[in-house]
Amino acid sequence: MTWLKAVRSIVGVLAGYALMGLLITLVQETWFGGVSYTKSSLGVLAVSGFFTFLSAVAGGYIAGLIAGHHAGWHGAVMSLMVACETTWLISSGKTHDPLWFDTAAAGSLVLGLMLGSLLRAAGGAEPRTPVRV
């Protein structure tokens with residue numbers, strides 16, 4: 001792996017994760033005024049959950065796009081980051097929602113990240129200039 005690929009991988013993962021976080025904040029805090037299992041209606045949970053999932057899809061796609069190679073692996077790294085963050089939030093008592101709710105939310109982020117990165121991978125390699133004979 002060249003140094004440029006390594007830098008693109010790191011930047012891709014960080015940018016994709018930051019984009020996901022910004023979009024989730026937009027959805028859950030700005031649009032819905034703070035989403036919580038104990039305080040939000042079922043409708044708000046469903047709609048915000050859907051847009052949160054789409055935020056993860058966008059983050060995974062952007063990570064793969066910036067990295068330019070092995071998009072699925074970049075989605076997997078971001079998924080590991082979600083698992084670590086969720087474990088910390090639960091174990092530190094930062095969240096007051098039920099355990100099943102937090103783990104389901106993290107699971108939907110993992111699925112979204114992987115879907116986004118695999119959609120990018122399915123897009124194929126960058127177009128190349130045809131070879132002239």
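The values are calculated or read from the model by the stated rules, or taken from the named source; none is laboratory data. All values reported here derive from a predicted model rather than from experimental measurement. Don't worry about glycine lacking a Cβ; one is built from the backbone with ideal geometry, like all the others, and counts go over all protein chains shown.
Checked against (1) touching a residue at least 12 places away in the same chain (Cβ under 8 Å); (2) within 13 Å of the chain's Cα centre (by Cα); (3) surrounded by fewer than 17 Cβ atoms within 10 Å (Cβ to Cβ), Gly60 passes all but a single condition, namely (3). Tallying residues that are of a type in the set (Ser, Thr, Tyr) and not in a helix (DSSP H, G or I) within region 39-63 yields 2. Annotation: of all residues in region 93-117 being hydrophobic (A, V, I, L, M, F, W, C) and surrounded by fewer than 17 Cβ atoms within 10 Å (Cβ to Cβ), the one that is nearest to Ser36 (Cα to Cα) is Phe101.
Here are Trp3, Trp73: which of them is over 23 Å from Leu119 (Cα atoms), modelled with pLDDT under 95, surrounded by fewer than 17 Cβ atoms within 10 Å (Cβ to Cβ) and among the hydrophobic types (A, V, I, L, M, F, W, C)?
Numbers: Trp73 fails: over 23 Å from Leu119 (Cα atoms).
The unique qualifying residue is Trp3.
Rundown of residues vs (1) in a helix (DSSP H, G or I); (2) within 24 Å of Thr2 (Cα to Cα); (3) touching a residue at least 24 places away in the same chain (Cβ under 8 Å); (4) of a type in the set (Ser, Thr, Tyr), yes/no style:
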{"residue": "Tyr37", "(1), (2), (3), (4)": "no, no, yes, yes"}
{"residue": "Leu65", "(1), (2), (3), (4)": "yes, yes, yes, no"}
{"residue": "His69", "(1), (2), (3), (4)": "no, yes, yes, no"}
{"residue": "His96", "(1), (2), (3), (4)": "no, no, yes, no"}
{"residue": "Val110", "(1), (2), (3), (4)": "yes, no, yes, no"}
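Checked against the criteria, Ser79 does not count as hydroxyl-bearing (Ser, Thr, Tyr), at pLDDT below 95 and either surrounded by 17 or more Cβ atoms within 10 Å (Cβ to Cβ) or under 12 Å from Ser117 (Cβ atoms) (or both). Among the residues of region 78-94, those identified as under 13 Å from the mean Cα position of the chain (by Cα) and either part of a loop (DSSP other than H, G, I, E, B) or of a type in the set (A, V, I, L, M) (or both) are Met78, Leu80, Met81, Val82, Ala83.
Taken over region 102-133, the criterion of being hydrophobic (A, V, I, L, M, F, W, C), over 22 Å from Ala71 (Cα atoms) and at pLDDT 95 or above is satisfied by Ala104, Ala105. Checked against (1) without any contact (Cβ under 8 Å) to a residue 40 or more places away in the chain; (2) in contact with a helix residue (DSSP H, G or I) (Cβ under 7 Å, 6 or more places away or on another chain), Trp31 passes all but condition (2).
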